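To start, the structure under review is shown below, and the notes come after it.
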Amino acid sequence: MSRIVVVGSINMDLVTLAPRFPGPGETLLGSRFLTAHGGKGANQAVAAARLGASVSMVGALGRDAFGDQLHAGLASEGIDLAHVARLDDEGSGSASITVAASENQIIVVPAANARVTPAQVEAARETIARADAVLVQLEIPLDAVEATLRLGRALAVPVILNPAPAQKLPAEWLGLASYLTPNQHELATALGEDAHTDFRELMRRAPCPVVLTRGGEGAWYRDHAQPEPAQQPGFAVDAIDTTGAGDTFNGALAVFLHEGLPAAVRKACAAAALSVTRLGAQGGMPWQPELDAFLADRSRP
Ligand code: RIB
């Protein structure tokens, strides 16, 4: 069983379904509203747990109603929450999400997520030392992200840095990551490069191995052993909601990394494809038997 540690955000997603995205100053009538458990860190933790990993999370929640619900949700997925702080003087993170024609627009209010500290990461040292892989994203303070990258390097535990939401990052940090998992926009932003540069060229310029997600088109990947990027095509599905597809991809990638990059990327693409077939970031994330059945079905001649 893979042991995964996720250092990252936990949000309550406030999801509105709409016929299209409103313009500035415009009011639209939506068709449905729901709350759903989310946050890039929590989503990646849930994706990994459903695929059979033993998962520990490092993060922060407010001591409020959303915090209670999110804590209970993660616990019900079997995720170890010993390193998730509960803050008395801050609310839980939230994300206002509009879904229109299966695409989304998201505004995140970090709240408690902005209080995740390097000391919390250090307090999880023993858990991280036993992990097969660590996942970290950019919805928590950058000093906590840096602490995660440095601790992973010191302990020789691979760290997957998912540079989302997009931010420019110091080249030295990128060099500390075992894998960088951006989409094209996030890769260009992280490197401080022109967004119009060909993504394969951006992948060559990155100072660490890159697994680049391309939505429904699948993913490209390049590691040290394989200087030229290779492609894993996407799996065609009927998309309902793409929220959390990247998180599902990252969680699955971490779980299957020990099988080698080509196999892990293929399974991550399949898990991400399944995730978009249901509403909510965590709503469509597959359990292991579901993923196995999907892959067997898609492998038939
Ligand atoms: O990646 C999707 C996630 O981004 C949502 O669950 C939302 O909470 C934001 O963090």
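The values are calculated or read from the model by the stated rules, or taken from the named source; none is laboratory data. None of the values given here were measured: they were computed from a predicted structure. Here Cβ is always computed from backbone atoms with ideal geometry, including for glycine, and neighbour counts include all displayed protein chains.
If the requirement is being within 16 Å of the ligand (Cβ to nearest atom) and part of a helix (DSSP H, G or I), which of these qualifies: A272, A296? Residue meeting the stated conditions: A272. Candidates in region 47-91 are the residues that are assigned to a strand (DSSP E or B) and under 30 Å from L295 (Cα atoms); of these, the one that is nearest to the ligand (Cβ to nearest atom) is M57.
When the residues of region 235-254 are filtered to those that are within 10 Å of the ligand (Cβ to nearest atom) and of a type in the set (V, I, T), the one that is farthest from the chain's Cα centre (by Cα) is T242.
For region 13-44, how many residues meet the condition of being surrounded by fewer than 24 Cβ atoms within 10 Å (Cβ to Cβ), under 20 Å from the mean Cα position of the chain (by Cα) and farther than 15 Å from E77 by Cβ? Matching residues across region 13-44 total 2. Restricting the first member to region 146-172 and to residues that are more than 20 Å from T248 (Cα to Cα) and within 16 Å of the ligand (Cβ to nearest atom), and the second to residues that are among the small types (G, A, S) and modelled with pLDDT of 95 or more, the beta-carbon pairs closer than 9 Å and six or more apart or on different chains are Q167/A190.
In region 98-108, the count of residues that are within 14 Å of the ligand (Cβ to nearest atom), free of Cβ contacts under 8 Å to residues at least 60 places away in the same chain, among the aliphatic types (A, V, I, L, M) and surrounded by fewer than 18 Cβ atoms within 10 Å (Cβ to Cβ) is one or more. The condition of being under 26 Å from F33 (Cβ atoms) and of a type outside the set (A, V, I, L, M) does not hold for S178.
Considering only region 9-39, how many residues are of a type in the set (D, E) and either over 25 Å from G246 (Cβ atoms) or more than 11 Å from the ligand (Cβ to nearest atom) (or both)?
1
Going by the conditions given, is Q44 in a helix (DSSP H, G or I), within 16 Å of the ligand (Cβ to nearest atom) and more than 24 Å from A144 (Cα to Cα)? Even if it seems obvious, please write down each step before you answer.
Values: in a helix (DSSP H, G or I): yes; within 16 Å of the ligand (Cβ to nearest atom): yes; more than 24 Å from A144 (Cα to Cα): no.
Answer is no for this residue.
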